[in-house]
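The block underneath contains the structure these notes are about, expressed in structure tokens.
Just so it is clear, none of the values below were taken in a lab; they were calculated from the coordinates. Being a predicted model, the structure only gives us computed values, none of them experimental. Heads up, the Cβs are rebuilt from the backbone with ideal geometry, glycines too, and the neighbour counts pull from every protein chain shown.
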């Protein structure tokens, strides 16, 4: 099975402009992500709409593919990048992996878990979930929840707490009674599925919860979820970057 790893990266960001190029220990953040992905995948590209990012990737020896600046999501950007890479290289890829460009300390083992999901022929799309720790707030709407079938497929994603524990009056005790899963935003798609889902209009559920993965479920695609015990730390703001580097015992160069 042939995998294509893509790392969508935008320069524009209201909270952290130029985020992919921010310096961590002498390397731009996008390089940290790329090197971890390239250790797993033979075919790895940064998909960007900005020449500054493309030039930085080329400078450290990586590969970049230019895409439109009008994409609404990383999924849409990956679809264009897949088409471009296949056209430019003459290769055909069975699975396209969408790797977040703002997680510089991504654990490569999670990428292996995504790939292993496709050993199941029923898998259309793969993603990761992680059990909430006791210290985490399951009621935070910015941390999407997911419920799984007995064979590991996503039944539903929500910003609300799912399932609701009827009969338990104190929600603070819910985690002691049920294992809640949060969604980790890594995806892999069979390439023909990626092309199909990006051609679909936004669904009712997606618009209600502002979660694009609900469009896929609403249209009957099967999303396999691998369970990870490793935490993922995304950089959304400069403060996030400092906090994450401290967690890993590191400091930014500047």
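Determine the calculated [θ] at 222 nm for the chain from helices alone, applying -39500 (n - 2.57) to every DSSP H run no shorter than 4 residues and normalising by the residue count; nearest 500 deg cm²/dmol.
Values: 9 runs with 77 residues, N = 254.
Mean residue ellipticity, 222 nm, calculated: -8500 deg cm²/dmol.
Working from Cα pairs under 8 Å separated by at least six residues, relative contact order for the stretch 1-156 is 26 percent.
Compared with the dominant principal axis of the Cα atoms in the chain, helix 74-89 is inclined by about 40°.
Helix 29-38 and the longest principal axis of the Cα set of the chain meet at an angle near 80°. Sorted into 10 angstrom bins from 0, the C-alpha pair distances of the stretch 172-254 split as 13, 29, 31, 23, 4 percent.
Please report the equivalent ellipsoid semi-axes of the stretch 1-106, computed as sqrt(5 x eigenvalue) of the Cα gyration tensor, largest first, in whole Å.
For the stretch 1-106, the ellipsoid semi-axes come out as 21, 16, 12 Å.
Restricting attention to the stretch 1-106, close to 15% of DSSP beta bridges with both partner residues there are antiparallel. Once the mean of 1/r is taken over each pair of separate Cα atoms and inverted, the stretch 98-254 shows a Kirkwood hydrodynamic radius of 17.0 Å.
For the pair the stretch 1-60 / the stretch 194-226, the C-alpha centres are spaced 26 Å from each other.
With the simple model of a label 7 Å out from the Cα in the direction of the Cβ, residue 136 to residue 204 spans 3.0 nm. Comparing 242, 88, 80 in a Gaussian network model of the chain (Cα springs below 10 Å), the most mobile by mean-square fluctuation is 88. A full extension of the chain between residue 35 and residue 164 corresponds to an added length of 42.3 nm, given 0.36 nm per residue minus the alpha carbon distance.
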